[in-house]
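A.B. asks: Attaching a single structure in structure tokens format; questions to follow.
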Amino acid sequence: MSQRSDSAQPRQLPGSLNTNRRLDRWLKIDRDGTVTVFPGKVEIGQGILTALAQIAAEELDVALERIRLAPAATSYSPDEGVTSGSRSIQEGGMALRQAAAEARDLLLQRAAARLDVSLEQLTVADGQVTARSGGSVTYWELTSDDLLARDATGDVAPKPLAQHAVIGTSVPRRDIPAKVTGAPSYVHDLDLPDMLHGRIVRPPSPGAQLTALDEAQVREIPGVVAVVRDGSFLGVIAEREEQAIRALNRCQRIAQWRETAALPEPDPRYLLRADANSEVISEKSGDAERATTTLEAEYARPFVAHASLGPSCAVARFSDGRYTVWTHSQSIYPLRHDMSKVLGVAQEHIVITHVEGAGCYGHNGADDVALDAALLARGVPGRPVRVQWMREDEFGWEPFGSAMVVRMSAQLDGEGRIANWTHDLWSHGHSTRPAGKDGVNLLGAWYLERPVAAATPGNPALPAGGSHRNAIPLYDFPNQRITNHLVLKAPLRTSALRSLGGHVNVFAIESFMDELAATARADPVEFRLRHLKDARARAVIEAVAAKAGWRRGEKGDGARGRGIGFARYKNLGCYVAVIADVEMGREIAVRRAWAAVDAGLAINPDGVINQIEGGMIQSVSWTLKERVQYDRERVVSRNWEDYPILTFEEAPEVEVVLINRPDQPPLGTGEGAQGPTAAAVANAIYNAMGVRLRDMPFTRDRVLAALA
Amino acid sequence: MAITLIINGAEHGVTAETETPLLYVLRNELKLKGTRFGCGRGQCGACTVLVDGKAVQSCDFPVSAAAGKSITTIEGIATDGRLHPLQQAFIAEQAAQCGYCVSGIIMAAKALLDAKPRASECEIRAALKGNLCRCGTHHRILRAIRRAAEEMNR
């Protein structure tokens, strides 16, 4: 029997519109002269909501002030999966652009009928539709409840570039005024009537079992309402926050645990001896000149923490068998999926609403604390419970960015060109977000009397990749082999940290390119261009070199120097090249850094620049300073003294050149600076002092050891 | 015990154990949510307020020690409906990403500029020694503080 292919396969629609096809899932034209947009992507400090408002205003031809943004909620928002991977503009933004363009078209059809003119006769300004013959009508008069109660067709083209008036302008962020005046802005600030305060008593080490607790000693503390114990999951609830903390402290003093963790040595090279699934992810053989010189090098990074400034927080209420949860999760639907498994209620009986949190930079404790709050709320039906992790919980229990080791080997031919290139990387998985393929990825679930096991850890698939993100070089080498050695069994919890494996792979590739350039006696910029055909890649390297005043072959003076790093994020996102200037004093300092970025069409240029600036500074912090410390059983980095990050005294001056390409699709930006910056710093240190640092972080001790 | 606090120029009677950190009284009793919990150990500055003009980390400052002193929070620095020059400068420079650190940083900067209106770049950076920013907005924040200083000296 033959199939009719035209109707069987629905038309591919832009971004998340393809899987959320109803127009009214995305926006609503209100009679009061406003437009409500329902994004499934969430604000995590990256400015996405401002950019989405710009897109809607642009396509609808209404003033930006008319756009309202509904918080993402499982009760009405489109399911856009996770806000991660620098995909929000590409997925959410492009969906909204199409939906808004179709909404505008429907409004114009109504206007044409109302004014009895053809569509070509109509123009729109701020929601007012005017016919050339003189009549006019507004969107607010034309709208009705059923206007957008239909699927998108994909038949309407978004506005042509030349007509853009709002997209491409640096509209100020919508959220900043509230944040600088101290208005409630975060889930941490929610304050519901009758709200109680909860704290979780985490075990001293991963997998530890609670063996004894005299609950009476906790209940006697004034204000304590409940002690919730379920297996080795333990929480306290009190009327006042300081009372909950007092109860937590007492629990920590008197609870007894059986510890079983066996953590590895601090050097990430333990990965090289672990069982791994090895897979060749790219192989190329071609003609090359005879190789004359071989170079090998090994690079490594320890576990790195997200280290949000605001510890994870959630509010939950349980009543009539239903849960209501407020969370800063990046993935409200996947969270609901996993919570329903743990709580034993249907997904429809859990309503999850997003409220902004502190910046997360990937998968931190946001989802876990939402389950924590629900588990405590179950113990006090009817009353909302606010749970905030303590600083020690955040460092001790967030999933870290995995430790990684990369081994590189390459051969140069007599002309100073790379003839062979191999890249082997060892890492744990970089994705243990909720709604994994099996199990439940929520911390509290693993400690219950009837525990729900964690999902099998894994990696996002290529081309984006996880541990292997950016492992395949963008350079044109005639021969290459890239192998991913994935170590599934992780001694510490790992998950997505901004750029995933990209930070380490780009650090390794770009450091190694510098080592090869030095061997070939070539200038690092020229050497990169020699191996790079992609015109946009070349353009960012040339732009940053011009901006920083790069001088061919310039050597550092023994204490100061500069280096360059480059990548196209995920090999499909934005192009970023970074130059860093370092200076060796007591510690290594990055004094200045420049970046050039090409993110295609920049919806909000200042938003792109802000993300790249922040990424550079954060990457300098990771690269120079950061390392999660642990002993054989416990994570011992528990506060900012044990886990120092870059301070205001150490922060570099940064400058970003934006290469705007309005005729090209927008490309994800949020994570693009992480890898190139790390490499630029390593290369600058080599340029300054002639020593090659291959193990992050680049502490004073490591510099001295390298110099010795 | 009952404690009288002078917050943003107004007297408030609150009831709390003496050793309760000022932070929780501000946030939960007085509903001033702009002062934020970051570490509970005075290491990150998210909870910075002014006590008699000096920057103090309210997460490890007992409420009893604040009794009778003049406390200023982020909610109290605008005057007559006009934002403080620091607040205006942070908006003008778009000096925030997630913004969680921002109110503490504005308060630390206010303490500095009130005492030393012509603070140098080095002094500004040193005054923010106790404030962390995780998004990497340092460069914009420093620019905003310099801009506010210029405005305040005009």
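The values are calculated or read from the model by the stated rules, or taken from the named source; none is laboratory data. None of the values given here were measured: they were computed from a predicted structure. No Cβ is skipped: glycine too gets one built from the backbone with ideal geometry, and neighbour counts run over all protein chains shown. Accessible surface areas use protein heavy atoms only, side chains included; no ligands, DNA or RNA. Shrake-Rupley method; radii C 1.70, N 1.55, O 1.52, S 1.80 Å.
A.B. asks: Mind checking which pairs have a first residue in region B:137-154 that is assigned by TED's automatic domain parsing to the domain that holds B:ILE105 and under 17 Å from A:ILE176 (Cβ atoms) and a second that is among the basic types (Lys, Arg) and open to solvent by less than 80 Å² (accessible area, probe 1.4 Å), Cβ under 8 Å, 6 or more apart or different chains?
C.D. replies: Sorted first by the residue in region B:137-154, then by its partner, the pairs are B:LEU142/B:ARG125.
A.B. asks: Residues in region B:84-132 that are within 7 Å of chain A (Cβ to nearest Cβ), more than 11 Å from the chain's Cα centre (by Cα) and closer than 30 Å to A:THR169 by Cβ: how many?
C.D. replies: Final tally of qualifying residues: 9.
A.B. asks: Does B:GLU17 satisfy the criteria of being open to solvent by 60 Å² or more (accessible area, probe 1.4 Å), of a type in the set (Asp, Glu) and in a strand (DSSP E or B)? Lay out the reasoning, then the answer.
C.D. replies: Values: open to solvent by 60 Å² or more (accessible area, probe 1.4 Å): yes; of a type in the set (Asp, Glu): yes; in a strand (DSSP E or B): no.
Against the criterion (open to solvent by 60 Å² or more (accessible area, probe 1.4 Å), of a type in the set (Asp, Glu) and in a strand (DSSP E or B)), B:GLU17 does not qualify.
Yes/no matrix, rows are residues, columns are (1) within 14 Å of chain B (Cβ to nearest Cβ); (2) open to solvent by 50 Å² or more (accessible area, probe 1.4 Å):
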site	(1), (2)
A:ASP267	no, yes
A:ALA300	no, no
A:CYS313	yes, no
A:GLU348	no, yes
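A.B. asks: Keeping to region A:569-597, report how many residues are buried (at least 24 other Cβ atoms within 10 Å of the Cβ), more than 10 Å from chain B (Cβ to nearest Cβ) and at negative phi.
C.D. replies: Qualifying residue count, region A:569-597: 16.
A.B. asks: From the list A:ALA537, A:ALA471, A:ALA545, which one is open to solvent by 10 Å² or more (accessible area, probe 1.4 Å), in the same structural domain as A:LEU295 (by TED's automatic domain parsing) and either of a type in the set (A, V, I, L, M) or modelled with pLDDT of 95 or more (or both)?
C.D. replies: Exactly one of A:ALA537, A:ALA471, A:ALA545 is open to solvent by 10 Å² or more (accessible area, probe 1.4 Å), in the same structural domain as A:LEU295 (by TED's automatic domain parsing) and either of a type in the set (A, V, I, L, M) or modelled with pLDDT of 95 or more (or both), namely A:ALA545.
A.B. asks: Right, something else. Select, from A:ALA212, A:ALA183, the only residue that is outside the structural domain of A:GLN46 (by TED's automatic domain parsing), within 28 Å of the chain's Cα centre (by Cα), among the hydrophobic types (A, V, I, L, M, F, W, C) and open to solvent by 10 Å² or more (accessible area, probe 1.4 Å).
C.D. replies: Criteria check complete, one pass: A:ALA183.
A.B. asks: Right, something else. Answer yes or no: is there a residue in region A:397-414 that is in contact (Cβ under 8 Å) with a residue 60 or more places away in the chain and more than 30 Å from A:ILE509 (Cα to Cα).
C.D. replies: Yes, that holds for at least one residue.
A.B. asks: Moving on to the next point. Could you tell me which of the residues A:SER170, A:SER144 is out of contact with any Cys (no Cβ under 9 Å at 6 or more places or on another chain) and within 14 Å of chain B (Cβ to nearest Cβ)?
C.D. replies: Result of the check over A:SER170, A:SER144: A:SER170.
A.B. asks: Sticking with this structure for a sec: Condition first: free of Cβ contacts under 8 Å to residues at least 12 places away in the same chain and within 23 Å of the chain's Cα centre (by Cα). Now tell me which residues in region A:627-654 satisfy that.
C.D. replies: A:THR647
A.B. asks: Does A:ARG173 satisfy being surrounded by fewer than 16 Cβ atoms within 10 Å (Cβ to Cβ) and among the basic types (Lys, Arg)?
C.D. replies: Values: surrounded by fewer than 16 Cβ atoms within 10 Å (Cβ to Cβ): no; among the basic types (Lys, Arg): yes.
So A:ARG173 does not fit the description; no.
A.B. asks: Here are the criteria: (1) more than 30 Å from A:PRO206 (Cα to Cα); (2) touching a residue at least 60 places away in the same chain (Cβ under 8 Å); (3) in contact with a helix residue (DSSP H, G or I) (Cβ under 7 Å, 6 or more places away or on another chain). Tell me which single one A:PRO473 does not satisfy.
C.D. replies: Only one criterion in (1) more than 30 Å from A:PRO206 (Cα to Cα); (2) touching a residue at least 60 places away in the same chain (Cβ under 8 Å); (3) in contact with a helix residue (DSSP H, G or I) (Cβ under 7 Å, 6 or more places away or on another chain) is unmet by A:PRO473, namely (2).
A.B. asks: Here is a further query. Every residue in region A:621-644 that is in a strand (DSSP E or B) and open to solvent by less than 20 Å² (accessible area, probe 1.4 Å), please.
C.D. replies: Answer for region A:621-644, where residues must be in a strand (DSSP E or B) and open to solvent by less than 20 Å² (accessible area, probe 1.4 Å): just A:VAL635.
A.B. asks: Among the residues in region A:492-513, are any open to solvent by 40 Å² or more (accessible area, probe 1.4 Å), part of a helix (DSSP H, G or I), in the same structural domain as A:PRO662 (by TED's automatic domain parsing) and touching a residue at least 24 places away in the same chain (Cβ under 8 Å)?
C.D. replies: no
A.B. asks: Which strands (runs of 3 or more DSSP E) sit wholly inside region B:23-125 and have at least 1 residues that are in contact (Cβ under 8 Å) with a residue 12 or more places away in the chain and open to solvent by 20 Å² or more (accessible area, probe 1.4 Å)?
C.D. replies: Passing ranges, in order: B:54-57, B:70-72.
A.B. asks: Could you list, in sequence order, the residues of region B:1-58 that are hydroxyl-bearing (Ser, Thr, Tyr) and at the interface with another protein chain (Cβ under 9 Å from one of its Cβ atoms)?
C.D. replies: Of everything in region B:1-58, those that are hydroxyl-bearing (Ser, Thr, Tyr) and at the interface with another protein chain (Cβ under 9 Å from one of its Cβ atoms) turn out to be B:THR20, B:TYR24, B:THR35.
A.B. asks: Select, from A:VAL280, A:VAL325, the only residue that is outside any loop (DSSP other than H, G, I, E, B) and either closer than 30 Å to A:ARG199 by Cα or open to solvent by less than 40 Å² (accessible area, probe 1.4 Å) (or both).
C.D. replies: Selected residue: A:VAL325, the only one of A:VAL280, A:VAL325 that is outside any loop (DSSP other than H, G, I, E, B) and either closer than 30 Å to A:ARG199 by Cα or open to solvent by less than 40 Å² (accessible area, probe 1.4 Å) (or both).
A.B. asks: Kindly evaluate A:THR293 against the criterion of being farther than 17 Å from A:ARG433 by Cβ and modelled with pLDDT under 95.
C.D. replies: yes
A.B. asks: Determine whether A:ILE352 is surrounded by 21 or more Cβ atoms within 10 Å (Cβ to Cβ), more than 29 Å from A:ASN639 (Cβ to Cβ) and out of contact with any His (no Cβ under 9 Å at 6 or more places or on another chain). Full working, then the answer.
C.D. replies: Values: surrounded by 21 or more Cβ atoms within 10 Å (Cβ to Cβ): yes; more than 29 Å from A:ASN639 (Cβ to Cβ): yes; out of contact with any His (no Cβ under 9 Å at 6 or more places or on another chain): yes.
Considered against the rule, which asks whether it is surrounded by 21 or more Cβ atoms within 10 Å (Cβ to Cβ), more than 29 Å from A:ASN639 (Cβ to Cβ) and out of contact with any His (no Cβ under 9 Å at 6 or more places or on another chain), A:ILE352 comes out as yes.
A.B. asks: Still on this structure: Could you list, in sequence order, the residues of region A:645-683 that are among the polar types (S, T, N, Q), in a loop (DSSP other than H, G, I, E, B) and more than 14 Å from chain B (Cβ to nearest Cβ)?
C.D. replies: Within region A:645-683, A:ASN660, A:GLN664 qualify.
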